Amino acid sequence: MVSESAALHFTIEPTSNPTPADHRADLIANPAFGRVFTDHMAIVKYTEGRGWHDARITARKPLTLDPAASVLHYAQEIFEGMKAYRTEGGGIATFRPEENARRFRASAERMAMADLPQEIFMQAVDELVKIDQDWVPTGEGKSLYLRPFMIATEVFLGVKPASEYLFIVIACPVGAYFGSGCVSVWVSEDYTRAAPGGTGAAKCGGNYAASLVAQRGSKMHGCDQVLFLDSREQRFVEEMGGMNVMFLRDDNTLVTPPLTGTILPGITRDAILQLAKDRGLKIEQTPLEIDEIFAGAASGRYKEAFACGTAAVISPIGALRRTGGEAVFGDGKTPGEVSLAIKKALTDIQAGKTNDAHGWIHAIT
Ligand code: PLP
Ligand code: COI
């Protein structure tokens, strides 16, 4: 028997007040990350018993929420981060959106939220990109960042999974998350991000709220980002506040911590491991002792390090710092050759400049 599609009909309600083209051109010329938004949003409601309904693309506007909406109290919230790119052929495409949809479902399950079928996730993203296609910037490193998210809206203060949710997608034109060059990273000694059995592998807002004090601490130490260690022993590298982390060893091996439930299974991480294999590099997903990284950076055994994720793409790490020590990669300023080559391989696929051998591109227009 053929299973029924979960797709919904989306009502399209174009805004009556679109941003004038010249103002839009100014806004997308050099956007700071996450500050400029498009004219529309996708919104779908969920009610227990009725399921997902009332799907629309509508003018982007503030939400009206009851002050007792459960998201405001118990933080039932999950999100995704993905990008739409202008491609060489003049179209617009997203990168592995099915993986974002799959991870969204996994996050929802962990947070006891409503299951959102992949079809609805894909429809919402595609329809929003279509209506706001003029907001997709052109130029190297530029894209339309898409932020699908779900919040619990039931009006109830009892602690239980909510029976009502909103699924929303908003979009913002973006350039590079970091400037060019290398980032510096503070190894957190006071805070961890996730514990075994916790929510580390889910993309829920609470994980980010809990990371902010450590992120602020990294700035106080003069660093751009924070690196978290495992919560049991504070001995093994986990990930950064919003990115996975990888190291290149002198035996041509790209090493990254394994997915044991405490780190986010990054889609960029997965793509990079594949692209590294394609280039003949060895890959290892193995626990990495922070002391070994510091010793290996000094001896030259660890030659390159980078952060990776949708927003960050591949951001070379110049140095890791902790109390009383520094691990410098290369000269600490110049991005590593292999990091740059993998970044180019990835961004060329995303921009449709090279053969999409793994079928990662999803054409929208
Ligand atoms: N780790 C965390 C905590 C993140 O927030 C992100 C960004 O989404 C990543 C890793 C990288 O994931 P992805 O490559 O799917 O964007
Ligand atoms: C992303 O890369 O999409 C992220 O979610 C990282 C950060 C902006 C939260």
Worksheet entry | Yes/no for Ser184 being surrounded by 17 or more Cβ atoms within 10 Å (Cβ to Cβ), part of a helix (DSSP H, G or I) and in contact with a Lys or Arg (Cβ under 9 Å, 6 or more places away or on another chain) | no
Item to complete: Examine the stretch 295-303 for a residue that is free of Cβ contacts under 8 Å to residues at least 12 places away in the same chain, open to solvent by 20 Å² or more (accessible area, probe 1.4 Å) and at positive phi, and state whether such a residue exists.
Response: no
Item to complete: Would you point out which residue out of Ala201, Ala171, Ala195 is within 15 Å of ligand 2 (Cβ to nearest atom) and assigned to a loop (DSSP other than H, G, I, E, B)?
Response: Ala201
Discussion item. Given the criteria within 16 Å of ligand 1 (Cβ to nearest atom), touching a residue at least 60 places away in the same chain (Cβ under 8 Å) and open to solvent by less than 20 Å² (accessible area, probe 1.4 Å), does Ile78 qualify?
Written reply: yes
Discussion item. Any residue that is open to solvent by 50 Å² or more (accessible area, probe 1.4 Å) and within 28 Å of Ala312 (Cβ to Cβ) - is there at least one of those in the stretch 150-163?
Written reply: no
Item to complete: Mind listing whichever residues of the stretch 28-56 are closer than 25 Å to Arg86 by Cβ, in contact with a strand residue (DSSP E or B) (Cβ under 7 Å, 6 or more places away or on another chain) and either open to solvent by less than 50 Å² (accessible area, probe 1.4 Å) or away from ligand 2 (no atom under 16 Å from the Cβ) (or both)?
Response: Ile28, Pro31, Gly34, Val36, Thr38, Asp39, His40, Met41, Ala42
Discussion item. Based on this model, can you work out whether Thr262 counts as open to solvent by less than 20 Å² (accessible area, probe 1.4 Å) and either without any contact (Cβ under 8 Å) to a residue 40 or more places away in the chain or within 17 Å of the chain's Cα centre (by Cα) (or both)?
Written reply: yes
Worksheet item: Does the stretch 120-138 include one or more residues that are farther than 25 Å from Ala59 by Cβ and acidic (Asp, Glu)?
Response: no
Discussion item. Of the conditions (1) over 16 Å from the mean Cα position of the chain (by Cα); (2) more than 24 Å from Ala84 (Cβ to Cβ); (3) open to solvent by 10 Å² or more (accessible area, probe 1.4 Å), Ala201 satisfies every one except a single condition; which number is it?
Written reply: (1)
Discussion item. If the requirement is being closer than 20 Å to Leu259 by Cβ and within 18 Å of the chain's Cα centre (by Cα), which of these qualifies: Phe247, Phe228?
Written reply: Phe228
Worksheet, complete the sentence: For the stretch 306-330 the number of residues that are more than 28 Å from Gln350 (Cβ to Cβ) and open to solvent by 10 Å² or more (accessible area, probe 1.4 Å) is 7
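The values are calculated or read from the model by the stated rules, or taken from the named source; none is laboratory data. Please read these numbers as outputs of a predicted model, since none were measured by experiment. All Cβ positions, glycine included, derive from the backbone under ideal geometry; neighbour counts span all protein chains shown. Side chains are part of the model used for accessible areas, which takes the heavy atoms of the whole protein and leaves out ligands, DNA and RNA. Shrake-Rupley method; radii C 1.70, N 1.55, O 1.52, S 1.80 Å.
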